[in-house]
1. Looking at (1) out of contact with any helix residue (DSSP H, G or I) (no Cβ under 9 Å at 6 or more places or on another chain); (2) in a helix (DSSP H, G or I); (3) not acidic (Asp, Glu), which is the only condition Gly201 fails?
2. In segment 120-138, which residue that is in contact with a helix residue (DSSP H, G or I) (Cβ under 8 Å, 6 or more places away or on another chain) and closer than 14 Å to Leu36 by Cα is modelled with the lowest pLDDT?
3. Is it the case, given these coordinates, that Ser75 is of a type outside the set (A, V, I, L, M) and modelled with pLDDT of 90 or more?
4. Considering only segment 107-124, state which residues are open to solvent by 20 Å² or more (accessible area, probe 1.4 Å) and either under 15 Å from Ala25 (Cβ atoms) or free of Cβ contacts under 8 Å to residues at least 60 places away in the same chain (or both).
5. Determine if segment 173-184 includes at least one residue that is more than 15 Å from Leu69 (Cβ to Cβ) and either open to solvent by 50 Å² or more (accessible area, probe 1.4 Å) or in contact (Cβ under 8 Å) with a residue 40 or more places away in the chain (or both).
6. From (1) in a helix (DSSP H, G or I); (2) in contact (Cβ under 8 Å) with a residue 40 or more places away in the chain, pick out the condition that doesn't hold for Glu82.
7. Among (1) open to solvent by 70 Å² or more (accessible area, probe 1.4 Å); (2) in contact with a helix residue (DSSP H, G or I) (Cβ under 7 Å, 6 or more places away or on another chain); (3) over 18 Å from Ala260 (Cβ atoms); (4) not charged (D, E, K, R), there is one condition Val166 misses while meeting the rest; what is its number?
8. Can you tell me which residues in segment 125-163 are surrounded by fewer than 17 Cβ atoms within 10 Å (Cβ to Cβ) and among the β-branched types (Val, Ile, Thr)?
Amino acid sequence: MIRRILSTAALEFRIALRNRWVAIATALMVVFALVLAAAGAAPTGDIGADRLSVVVASLTSLAVYLVPLLALLMSFDAIAGEVERGTLPLLLTYPVARAEVLAGKLVAHLAILALAVCAGYGAAAAAAVWTDPASTAGLPALWRLMWSSTLLGATFLGAGYALSSVARRPSGAAGLAVGLWLGLVVLYDLALLALIVADGGGGFTTQVLPVALLANPADAFRLFNLSAAQATAAAAGVGGAAATIPLWQSALSVLLWPLAALGLAIAAFRKVTP
């Protein structure tokens, strides 16, 4: 089984190289990470944290928006593209289970995201340490951000596969992917902020809000990294709730969401007929 998954992953990785996804994802992460490393460390002295820890807080905000977007862009046509090109019937004639096909695609796409994340965050860390050698104290926070960003990407890759299986056309899958990104990454937090303002510190803010944040993989990722870092004071908006939610709860959400997304993708792919 592992050999079949790795063979599928190798094929998908070669396709991604041909489509220049590796270069695109890496370039985007490096450019945005360096910009945030230069601009995001300004409040270092104000909050009493080392430069790299503040940069990590800024990179967390970048990852919440960029990592899900890259994951959805890579995965939205994973199944729909096979259907449109007519290659899905041929793919399913091979002695490879559908779950193994998705696992192979996930391994390849996750490897691309991991390369982009390591390159981008590594460049930002190098810039921070070069300007302030004491920033090495923030390396554990950077490492935590790296692996949790990869898990966030895995969540949205699984969601992209599910949408691709449901839509069965790249155009429809692309629309669903954009809608999912806008809903979970942008509109969800705006709705929560509006409800917090309307609630005025009542039951919603104290009881419902923590559950609502953990129920969103993007918010759980943000809370996990901000609550575990020394630069929580650099966060604003919904991210300020990091100090009120136990670390283990956000960590558990970050770990469980990729499994749930992959399970949803497998269930949706099994209903696709060639």
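1. Of everything listed in (1) out of contact with any helix residue (DSSP H, G or I) (no Cβ under 9 Å at 6 or more places or on another chain); (2) in a helix (DSSP H, G or I); (3) not acidic (Asp, Glu), Gly201 misses just condition (2).
2. Just the residues of segment 120-138 that are in contact with a helix residue (DSSP H, G or I) (Cβ under 8 Å, 6 or more places away or on another chain), to begin with: 120-121, 123-125, 127-129, 131-132, 134-138.
Applying the additional criterion that residues be closer than 14 Å to Leu36 by Cα yields 120-121, 123-125, 127-128.
Working: Gly120: 94, Tyr121: 94, Ala123: 92, Ala124: 90, Ala125: 89, Ala127: 86, Ala128: 83.
The residue in question is Ala128.
3. yes
4. Result: Leu110, Ala111, Ala114, Leu115, Cys118, Ala119, Gly122, Ala123.
5. So in segment 173-184, the residues more than 15 Å from Leu69 (Cβ to Cβ) come out as none.
No, the conditions are met nowhere in segment 173-184.
6. The one condition Glu82 does not meet is (2).
7. Tallying (1) open to solvent by 70 Å² or more (accessible area, probe 1.4 Å); (2) in contact with a helix residue (DSSP H, G or I) (Cβ under 7 Å, 6 or more places away or on another chain); (3) over 18 Å from Ala260 (Cβ atoms); (4) not charged (D, E, K, R), Val166 fails exactly one: (3).
8. Those that are surrounded by fewer than 17 Cβ atoms within 10 Å (Cβ to Cβ) and among the β-branched types (Val, Ile, Thr): Thr131, Thr136.
The values are calculated or read from the model by the stated rules, or taken from the named source; none is laboratory data. Just so you know, these numbers come straight off a predicted model, no measurement behind them. FYI the Cβ positions are ideal-geometry reconstructions off the backbone, even for glycines, and counts take in every protein chain you see. Heavy atoms of the whole protein, side chains included, go into the accessibility calculation; ligands, DNA and RNA do not. Shrake-Rupley method; radii C 1.70, N 1.55, O 1.52, S 1.80 Å.
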